[in-house]
Amino acid sequence: MANNAEQKKKAPVTVENAAVQEKKPSKPILLWIAILILLILAGGLYWLIEQQKVAIAAMADEVEASQQTLESRLSQLDSTVASGSANTTQLLENLNSTDLGLAEKIAEVVKIQDMTNDDVKRVWAMAEVEFLLQTASQRVLLAEDSEGAKTALVLADEKLKELADPRLYRLRALLADEQLALSSVAKVDIDGLAARLQSVLDKVDSLQVLMAPDVEAEAAKEEALSEAPSDWKGALMAAWHEIRSLVVIRHQQDGSAAVLVPQERYFLYQNLHLKLETARLALLAGREGVYHDSLTSAEKWLRQYFVGEERDAVLATLAALNSKKITVAMPDISASLVWLKEKGDQ
């Protein structure tokens, strides 16, 4: 009986233990399920974050593109504004210059309205005098034409004489000094020198060149001599000529000149033409150094490669031309023009 009671007391404990033992394996499964759920949630969260990043990057690209478009439009607007500002500035400058020109014209018209007939004649006369003085200065500085400058000064003095204004006495005195200075300038006959040079150029082709004997003439002479001899003397002469034909020795007294065959004369004539043409152009341009150098070279060329009386006559002409000075020191005649510009209005 006691054993049955103990067994009954032990039996409930065993059942409870069995229930506990059956409940223990269910806890790891729940843990794994929880971990799986957390992983799924983490994956979903990561996917959402990546989607947000992509959306943010797309928005950033759109913002950058919009910013670049805005900057390009702003630069175009700036260039348009700058060009418009430049055009406006140019228009303002043109308007200012036009206003100044109109103001000057109005002042001249007002001044002319207040002038009498004598005053108008005086203004025109002074304008003519100034033009003549400028012409004289240009003739001296640019063309070195003392005669043309002197003529312009004489005409200016006549205009001043017609005005009969004692206030212009100083100007007339300056004109007299300048006319005297121009009268003392040596006269250079450029036209005459150029004509003489042209005459020499025309005679160049008729000059005689220092040449070697004509090869064809010598050949014909030797052929005539080399005909069949009639006697022993002729045979001896023919043999001598044959021997001489083997070696040709040419002698020339002037060793500085090369003995030329007729075919080479063309280059001698052309070179002499070139030297004389250079001298003529230098004469007309007032380049004295080139003028004398070209004539000296032409004289040397004539002595070296030409002979005859015509050559001597050409050499004499070139020596005379080479002794001439083609430029002279021109005086300063600007004092009258300076005085007129400074005190003409007074």
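The values are calculated or read from the model by the stated rules, or taken from the named source; none is laboratory data. Quick caveat, the model's predicted, so the values are computed rather than measured. Cβ sites come from the backbone with ideal geometry, for glycine too, and all protein chains shown count toward neighbours.
Considering only region 161-192, state which residues are in contact with a Phe, Trp or Tyr (Cβ under 9 Å, 6 or more places away or on another chain) and not charged (D, E, K, R). If the condition is that a residue be in contact with a Phe, Trp or Tyr (Cβ under 9 Å, 6 or more places away or on another chain) and not charged (D, E, K, R), then Leu171, Leu174 are the ones that fit. Among the residues of region 179-197, those that are touching a helix residue (DSSP H, G or I) at 6+ places or on another chain (Cβ under 6 Å) and closer than 15 Å to Ser334 by Cα comprise Gln179, Leu182. Just checking, does region 114-125 include any residue being out of contact with any Cys (no Cβ under 7 Å at 6 or more places or on another chain) and within 27 Å of Asp189 (Cα to Cα)? Scanning region 114-125, I find no residue that is out of contact with any Cys (no Cβ under 7 Å at 6 or more places or on another chain) and within 27 Å of Asp189 (Cα to Cα), so the answer is no. Scanning region 188-202 for residues that are assigned to a loop (DSSP other than H, G, I, E, B) and without any contact (Cβ under 8 Å) to a residue 12 or more places away in the chain yields one hit, Asp189. Determine whether region 173-187 contains at least one residue that is part of a helix (DSSP H, G or I) and hydroxyl-bearing (Ser, Thr, Tyr). Checking region 173-187: at least one residue is part of a helix (DSSP H, G or I) and hydroxyl-bearing (Ser, Thr, Tyr). Residues of region 103-149 that are loosely packed, with under 13 Cβ neighbours inside 10 Å, of a type in the set (Gly, Ala, Ser) and modelled with pLDDT of 75 or more: Ala103, Ala127, Ala143. Any residue at all in region 154-164 that is over 20 Å from Ala335 (Cβ atoms) and in a helix (DSSP H, G or I)? So far as region 154-164 goes, yes, one or more of its residues are over 20 Å from Ala335 (Cβ atoms) and in a helix (DSSP H, G or I).
Quick check on my filter: what residues within region 161-178 are surrounded by 19 or more Cβ atoms within 10 Å (Cβ to Cβ) and free of Cβ contacts under 8 Å to residues at least 60 places away in the same chain? The answer is Leu168, and nothing else.
Summed over region 318-334, the residues that are in a helix (DSSP H, G or I) and exposed (fewer than 15 other Cβ atoms within 10 Å of the Cβ) give a count of 2.
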